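The values are calculated or read from the model by the stated rules, or taken from the named source; none is laboratory data. Here the structure is a predicted model, which is why all the values come from computation and not from measurement. Cβ sites come from the backbone with ideal geometry, for glycine too, and all protein chains shown count toward neighbours.
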Amino acid sequence: MKNNTTTQMSFGKKLRRFLSDNPVPIMFIIICAVCIPVSGFSPGYLLNEIMTRMGRNTFLILCLLIPIMAGMGLNFGMTLGAMAGEIGLIFVADWQIYGIPGVVLAMIISIPISIVLGIFCGKVLNMAKGREMITSYIISFFINGVYQLVVLYMMGPIIPIKHSSIRLPRGYGIRNTVSLLNMRQCLDNLMSITIKGVKIPVLTFIIVGVLCLFFVWFKKTKLGQDMRAVGQDMEVARDAGINVERTRIISIVMSTVLAGFGMVIYIQNMGNLPTYTAHSQIGMFCIAALLIGGASVDHASIKNVFLGVILFHLMFIVAPSTGTKITGDSMIGEYFRVFVSYGVITVALTMYETKKRRIKSRAGQQLKADQKGDEADE
Amino acid sequence: MNAKTSEEKTAGGRIQGLIKSFGLPRLIIAGFLLLLFIASPFVGANIFTQLTNVINRFGWNAILVLAMVPMVQSGCGLNFGLPLGIISGLLGATLSIEFGFTGGLSFFVAIALATPFALILGTGYGWLLNKIKGGEMMIATYVGFSAVSFMCMMWILLPYHAPNMVWGLSGKGLRTTISLEGYYAQVLSNFLKIKIGSFSIPVGNLLFFAVLALAVWAFFHTKTGTAMTAAGSNPTFAKAAGVNVDKMRMISVIMSTWLAAIGILVYEQGFGFVQIYMAPFYMALPAVSAILIGGASVNKASILNVIIGTFLFQGIVTMTPTVMNSIIHMDVSEVVRIIVSNGMILYALTRKTEGSK
Amino acid sequence: MNKKKTILIRVLAVVVLLVIAAAMMVIGRGHTVYFDNVAMEYEGKTYANPYRVDVYVKEERAAKLKADERGMASWMGANFKMTLEITENKGDEPTTKEFKVKLPQSMDGVIINIPALLADLPEEAYLSEFVQTIVEEPEEEEPSDTETDTPVDDLGTDGFEGLGDI
């Protein structure tokens, strides 16, 4: 029946359906198509930038997929993992561990911190079912306060920090930026290939690829199936004997740990760590990128991640110079891309909520009709 | 039932009941503030100056907190979209200066000019929130963010010309902060000001807040107001009773937006500057946590909550830097503020609230 | 039974991670190596410095040292390798020698005295720790969240930079 209708659909109908199913990516393709020629960047430059930024960001965005699978929406709490990764990096910088060993060590240090924060986040979200997103968003602010307390006041007197190069001159707290020069792009440069001036960070892509394979495998495991069941319907899953609360906490913990790794990869590419600002925007940008790739609050795939990363960064690169060319003010483009990031999240969230309501009301009507039918039968 | 009566018998049970109704975090915050007040003379801070500061800041911020009430009451949740109203206020403020009004008059012109913007933006915002019942808070947050970043472009592009608002060099694009000296700085605060030594009360400012608070209180005792409360506490029941829930929500959103517009103007008159561009970005969070500290929940708020909450919140914000710094010689006030305010919002979000989804 | 297995696996995972972490701390330990081309006195004997030394680390010239000069290079791990191109006196043909030095884990900065190294003296003679003289910075660097460019008061909003690259 279903097959029949799809084959019968005319091309125009198919196109319309495709357009209505993917409004956000299409809108972005149009924005980029307009901006690229105006901005005047060469394709080589753009390709190079996209490659670097893909390597830098994809891992972070991938960590959002698991909570979506478990029906917990967009995990604004990924910032927690990012902070854990940053703490790992601060220690590594203080202990003077260079290069890839430093990256690995920072990741290992971040794991226990991420797990603790993830369990906290998961428990709080379990108490706020139905408003996970706003709660995880506030959690990220709350933990940011704790992070500042630890990094700004406790590092030095309580947590030993040896080197004065990363400590504030007043004796406690970490400087605004921690230089990671000896770690800079060590993952990206190892095994990198340069084709016609475009540097491809092969190793970073391999790591991202491994994570993607892990997701594909994970979906098929018992835990992955449980998560999907919880995401579909919590009550049904509970009746089926799944420990819903535990499954949700695990999904958040996994996401947080992966976010910690992702942050380490992100910062090693940047080469220095803005101690107090690195994480403040990361959640928002990653979520915007994922949504631009066509994901929604309850459904996201690896495909969305890659498309999102490319489109989002393309917009990010070309918007400032396009804005400058059109309006003559350099700030316009910068504000524009911030506006677009927020706008996209707003639109995507709105679409998700209206869809959810429509389905709910349809289900209600169905129920009513069924009841009427039953009454008639009797 | 049984448990309740036995609980009331013992004194311990009574205290527990009190804690339950008032909320443990609120007690902790109130206790903390009390401690700060007690400690302040010992660290050499003048308690009267401190109190004056707290009362002043209370006057500046209270209306922004008051703007939370209508939306909470009508079931729209906490108004994380406060920046939308703030933008209306900022438009009113900048236009009033642009048109050349000065002194106290410019304040009332700003209110008048902000009103249509608040009505229009509030209507759109209300329409959107009616389409997405259940997900208001998250979307409200992002509506606010989008609006602020959109206006960032507009502040540059709109044809403002008043010389003390635009950048001196290029002659266009608004500055990030605009001084209100000669316009409506301290207009309310200096009106009927009582001064006893180092202690002063900005009566005009408090009076202005009292009038608005009274108006909101009175509104909730009219027929429309009670219908709005009904729509918030039990939408299905209200619908059955013939209340147009969507319309009630719409009115509440417009009210909230308009109050936010007034709120930011009052804040500016006290502060003495108009802050634009990214400044309104996170202004919703302090207001939200203030009303929660005052005892409101996600779906119930009163004027009393506003007054208590603003006082406690502003008390902590003003007292911690002076007192804590002298005790431990570290400026932890920023961190304390972040943890307290966001912790309070978290606490409220995790409470099981009946009647809401 | 099953529970025991999960606990065992967890403990094993933690142990493996700890082992990796320990290994990384040794392998990745970074040092700044300083080379001194300065005459050295050891047990009463003076070892004169060569006229000129070129230091090659990782096939790159890290320093070109005349008398009483100091060069530096960073190195990851404990087994430091360098190639020295020594010109004993002005006009001489340079001789090339390869050296391996074990860097102590505890030192951030390591000073290697080249004349002592060339003379095959024991480690304590040619190797010493570089202690940074702490330079007091006059201006206090304050973290960003307390930075405000405009009037000091704000609504108590978080220090938000607003725009930023990702």
Handout entry: Candidates B:80, B:150, filtered to the one that is more than 21 Å from the chain's Cα centre (by Cα) and facing chain A (nearest Cβ under 9 Å)
Key = B:150
Practice task
For the range B:245-263, indicate whether the set of residues that are crowded, with 23+ Cβ neighbours inside 10 Å, among the basic types (Lys, Arg) and either modelled with pLDDT of 90 or more or more than 14 Å from the chain's Cα centre (by Cα) (or both) is non-empty.
Solution key: yes
Practice task
Might you check whether a residue that is in a helix (DSSP H, G or I) and free of Cβ contacts under 8 Å to residues at least 60 places away in the same chain occurs anywhere in the range A:58-76?
Solution key: no
Handout entry: Leading residue by the ranking (farthest from residue B:212 (Cα to Cα)) among those in the range B:288-335 that are among the hydroxyl-bearing types (Ser, Thr, Tyr) and within 14 Å of chain A (Cβ to nearest Cβ)
Key = B:333
Handout entry: Total residues in the range B:129-147, condition facing chain A (nearest Cβ under 8 Å) and on the phi < 0 side of the Ramachandran plot
Key = 12
Exercise for the section: Report yes if some residue within the range C:72-82 is more than 14 Å from every other protein chain (Cβ to nearest Cβ) and of a type in the set (Ser, Thr, Tyr); otherwise report no. Expected result: no
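To keep it simple, each residue is scored yes or no on (1) surrounded by 24 or more Cβ atoms within 10 Å (Cβ to Cβ); (2) touching a Cys at 6+ places or on another chain (Cβ under 7 Å); (3) more than 29 Å from residue B:132 (Cβ to Cβ); (4) within 14 Å of chain B (Cβ to nearest Cβ).
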| residue | (1), (2), (3), (4) |
| --- | --- |
| A:264 | yes, no, yes, no |
| A:293 | yes, no, no, no |
| A:302 | no, yes, no, no |
| A:320 | no, no, yes, yes |
| A:325 | no, no, yes, no |
| A:330 | no, no, yes, yes |
| A:340 | no, no, no, yes |
Problem - Every residue from the range B:105-128 that is more than 10 Å from every other protein chain (Cβ to nearest Cβ) and under 23 Å from residue B:244 (Cα atoms) - result: B:118, B:119, B:120, B:121, B:122, B:123, B:124, B:125, B:126, B:127
Completion exercise
Residue hits (the range A:120-135; touching a Leu at 6+ places or on another chain (Cβ under 7 Å) and either free of Cβ contacts under 8 Å to residues at least 24 places away in the same chain or farther than 24 Å from residue A:89 by Cα (or both)) are A:124, A:128, A:131, A:132, A:133, A:134, A:135
Practice task
Can you give me the number of residues within the range B:287-304 that are crowded, with 24+ Cβ neighbours inside 10 Å and of a type outside the set (A, V, I, L, M, F, W, C)?
Solution key: 2
Completion exercise
Filter the range A:136-172 for residues that are modelled with pLDDT of 85 or more and small (Gly, Ala, Ser); the one that is farthest from residue A:274 (Cα to Cα) is A:136
Handout entry: The listed residue being without any contact (Cβ under 8 Å) to a residue 40 or more places away in the chain and in contact with a helix residue (DSSP H, G or I) (Cβ under 7 Å, 6 or more places away or on another chain), out of B:109, B:69
Key = B:109
Practice task
Would you check which residues across the range B:158-188 are under 23 Å from residue A:327 (Cα atoms) and within 11 Å of another protein chain (Cβ to nearest Cβ) and list them?
Solution key: B:167, B:170, B:172, B:173, B:175, B:176, B:177
Handout entry: Hits in the range B:104-142 (condition: assigned to a loop (DSSP other than H, G, I, E, B) and in contact with a Phe, Trp or Tyr (Cβ under 6 Å, 6 or more places away or on another chain))
Key = none
Handout entry: Residues (surrounded by fewer than 17 Cβ atoms within 10 Å (Cβ to Cβ) and among the hydroxyl-bearing types (Ser, Thr, Tyr)) located in the range A:218-262
Key = A:221
Problem - Some residue of the range A:94-103 being among the hydrophobic types (A, V, I, L, M, F, W, C) and either within 21 Å of the chain's Cα centre (by Cα) or under 19 Å from residue A:143 (Cα atoms) (or both) - result: yes
Exercise for the section: Take the range C:18-31 and flag every residue that is touching a helix residue (DSSP H, G or I) at 6+ places or on another chain (Cβ under 6 Å) and touching a residue at least 40 places away in the same chain (Cβ under 8 Å). Expected result: C:27, C:28, C:30
Fill in the blank from the handout: For residue B:230, the lone unmet condition from (1) buried (at least 19 other Cβ atoms within 10 Å of the Cβ); (2) free of Cβ contacts under 8 Å to residues at least 60 places away in the same chain; (3) within 14 Å of another protein chain (Cβ to nearest Cβ); (4) closer than 21 Å to residue B:133 by Cβ is (3)
Fill in the blank from the handout: Flagged in the range C:32-76 as in contact with a Ser or Thr (Cβ under 7 Å, 6 or more places away or on another chain) and free of Cβ contacts under 8 Å to residues at least 60 places away in the same chain, in numbering order, are C:51, C:52, C:56, C:72, C:74
Problem - Qualifying residue in the range B:50-64 (condition: closer than 13 Å to residue B:306 by Cβ, within 11 Å of another protein chain (Cβ to nearest Cβ), not small (Gly, Ala, Ser) and not in a loop (DSSP other than H, G, I, E, B)) - result: yes
Exercise for the section: State all residues of the range A:192-246 that are touching a residue at least 40 places away in the same chain (Cβ under 8 Å), more than 20 Å from the chain's Cα centre (by Cα) and more than 30 Å from residue A:100 (Cα to Cα); if no residue qualifies, say none. Expected result: A:230, A:232, A:234, A:245
